[in-house]
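**Q** Take a look at this one; I'll ask things after.
The values are calculated or read from the model by the stated rules, or taken from the named source; none is laboratory data. In this text the structure is predicted, and so the values were computed from the model without any measurement. FYI the Cβ positions are ideal-geometry reconstructions off the backbone, even for glycines, and counts take in every protein chain you see.
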Amino acid sequence: MRHEWNIWVVGGDQRQAALARQLAEEGHHVHTFALERAGEPGGGAVPSEELDGIERADCVVLPLPVLGEGTELNAPLSGERFPLGAVLDCLRPGQVVCAGRVDPAAAALAEARGLVLRDYLAREELAVANAVPTAEGAIQLAMEEMPITLHGSRVLVIGYGRLGKALAPRLAALGARVSVAARRWSDLAWIQARGFGVEHSGELHGWLCGYDLVINTVPARVLDEEALGDLKEDCLVIDLASRPGGVDLEAARRLGVRVIWALSLPGKVAPVTAGRAIKDTVCHMLEELGV
């Protein structure tokens, strides 16, 4: 197995800029494209204005999410816009291409060119690694936006997946009185065994009036108008769920409920850590593929 790879990092935000720098520091041959507003990548990575030579790369790393507006490459750190199809046209069929949050439109563009977009966000190790900066970012938001301390406040975490498991103990360590809502009886048993209050996420109506902060991690509509109407007047809601989110935002506006839909927190609060997690995951994928 090779120990040095030729890798192109194309588009994305500060996470991809950190990823490129870290790969170069580890001795890999790295080119970047559509990351010019991030400044010099450092570490020996080479910024490129064209995609010449990208077809010879061992791996091309596309952003998270891979698509921005419509079918354009997600490239917020570039002054130009690039159709994803035009980028994919520069690659060779069968080339290893990794991308984050690959939706059907992006997958179809790749398939039409004989390419497969391997979704690094679908990997368990990245999902677990991302849970930590997401939890820290949510706590930071809560501390900035709440008029009271987390210490002594009543907090409900909806969902006991990777993120719920990261959030609940961190909130409790700050002195919050934490309850967790879940559907599975096994999860509810673990929640109770770990000393948290228990709510059933399918039976929240009528049980939300005592909370100062509600943090949703479930990517499904769990906080509808009826549930939002149960909240106390000054309760803050932070939605960490990916699109379409878990909160009826229109109902929240009508009811005057404060909701922060906090998407992509790892890239905002800890881009270097998030970039390292993506780097590790991509390297795992290449090792498994025998590249």
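**Q** Here's a check for you: in region 1-54, which residue that is of a type in the set (Asp, Glu) and within 25 Å of Gly290 (Cβ to Cβ) is modelled with the lowest pLDDT?
**A** Glu4
**Q** So which residues in region 110-146 are among the charged types (D, E, K, R), assigned to a helix (DSSP H, G or I) and within 20 Å of Leu289 (Cβ to Cβ)?
**A** Glu111, Glu124, Glu125 - these are the residues of region 110-146 that are among the charged types (D, E, K, R), assigned to a helix (DSSP H, G or I) and within 20 Å of Leu289 (Cβ to Cβ).
**Q** Is it the case, given these coordinates, that Glu72 is of a type in the set (Asp, Glu), within 26 Å of Glu287 (Cβ to Cβ) and surrounded by fewer than 21 Cβ atoms within 10 Å (Cβ to Cβ)?
**A** no
**Q** Continuing with this model, one more query. For Ala24, state whether it is assigned to a helix (DSSP H, G or I), free of Cβ contacts under 8 Å to residues at least 40 places away in the same chain and over 16 Å from Val102 (Cα atoms).
**A** Considered against the rule, which asks whether it is assigned to a helix (DSSP H, G or I), free of Cβ contacts under 8 Å to residues at least 40 places away in the same chain and over 16 Å from Val102 (Cα atoms), Ala24 comes out as yes.
**Q** Among the listed residues Val218, Val180, Val291, Val214, identify the single one that is surrounded by 17 or more Cβ atoms within 10 Å (Cβ to Cβ), of a type in the set (Val, Ile, Thr) and touching a Cys at 6+ places or on another chain (Cβ under 9 Å).
**A** Val214
**Q** Shifting gears a bit: Look at Ser186 and say whether it is in contact (Cβ under 8 Å) with a residue 40 or more places away in the chain, surrounded by fewer than 22 Cβ atoms within 10 Å (Cβ to Cβ) and hydroxyl-bearing (Ser, Thr, Tyr).
**A** Considered against the rule, which asks whether it is in contact (Cβ under 8 Å) with a residue 40 or more places away in the chain, surrounded by fewer than 22 Cβ atoms within 10 Å (Cβ to Cβ) and hydroxyl-bearing (Ser, Thr, Tyr), Ser186 comes out as no.
**Q** Six or more apart or on different chains, Cβ atoms under 6 Å: show the pairs whose first residue is in region 160-171 and surrounded by fewer than 24 Cβ atoms within 10 Å (Cβ to Cβ) and whose second is in a helix (DSSP H, G or I) and of a type in the set (Val, Ile, Thr).
**A** Arg162/Val128; Ala166/Val132
**Q** How about region 61-112: which of its residues are over 17 Å from Glu50 (Cα atoms) and more than 21 Å from the chain's Cα centre (by Cα)?
**A** Pro93, Gly94, Gln95, Val96, Ala108, Leu109, Ala110, Glu111, Ala112
**Q** Looking at (1) in a loop (DSSP other than H, G, I, E, B); (2) modelled with pLDDT of 95 or more, can you tell me which one Ala86 breaks?
**A** Result: Ala86 passes all but (1).
**Q** Based on this model, can you work out whether Leu51 counts as among the hydrophobic types (A, V, I, L, M, F, W, C), within 20 Å of Ala99 (Cβ to Cβ), assigned to a loop (DSSP other than H, G, I, E, B) and in contact with a Leu (Cβ under 7 Å, 6 or more places away or on another chain)?
**A** So Leu51 fails the test.
**Q** Answer yes or no: is there a residue in region 70-82 that is assigned to a strand (DSSP E or B) and aromatic (Phe, Trp, Tyr).
**A** No, there is no match, as no residue in region 70-82 is assigned to a strand (DSSP E or B) and aromatic (Phe, Trp, Tyr).
**Q** Take the residues in region 166-217 that are β-branched (Val, Ile, Thr) and closer than 18 Å to Leu141 by Cβ, then tell me which one is farthest from the chain's Cα centre (by Cα).
**A** Residue satisfying both the conditions and the ranking: Val178.
**Q** In region 261-288, which residue that is farther than 30 Å from Leu213 by Cα and not aliphatic (A, V, I, L, M) is surrounded by the fewest Cβ atoms within 10 Å (Cβ to Cβ)?
**A** Going through the qualifying residues, I end up with Glu288.
**Q** Kindly check whether there is at least one residue in region 272-288 that is hydroxyl-bearing (Ser, Thr, Tyr) and out of contact with any Leu (no Cβ under 6 Å at 6 or more places or on another chain).
**A** Within region 272-288, one or more residues are hydroxyl-bearing (Ser, Thr, Tyr) and out of contact with any Leu (no Cβ under 6 Å at 6 or more places or on another chain).
**Q** Which of the helices (runs of 4 or more DSSP H) contained wholly in region 223-291 include at least 3 residues that are touching a Lys or Arg at 6+ places or on another chain (Cβ under 7 Å)?
**A** 271-289
**Q** Please find, among Leu208, Leu213, the residue that is more than 16 Å from Tyr160 (Cα to Cα) and in contact with a strand residue (DSSP E or B) (Cβ under 6 Å, 6 or more places away or on another chain).
**A** Criteria check complete, one pass: Leu213.
**Q** Identify the residue in region 55-65 that is in a loop (DSSP other than H, G, I, E, B) and at pLDDT 95 or above and, among all such residues, is farthest from Thr32 (Cα to Cα).
**A** Asp58
**Q** Shifting gears a bit: Tell me, which residue of region 102-158 that is among the charged types (D, E, K, R) and either touching a helix residue (DSSP H, G or I) at 6+ places or on another chain (Cβ under 7 Å) or touching a residue at least 24 places away in the same chain (Cβ under 8 Å) (or both) is farthest from Val237 (Cα to Cα)?
**A** Ranking the candidates gives Arg113 first.
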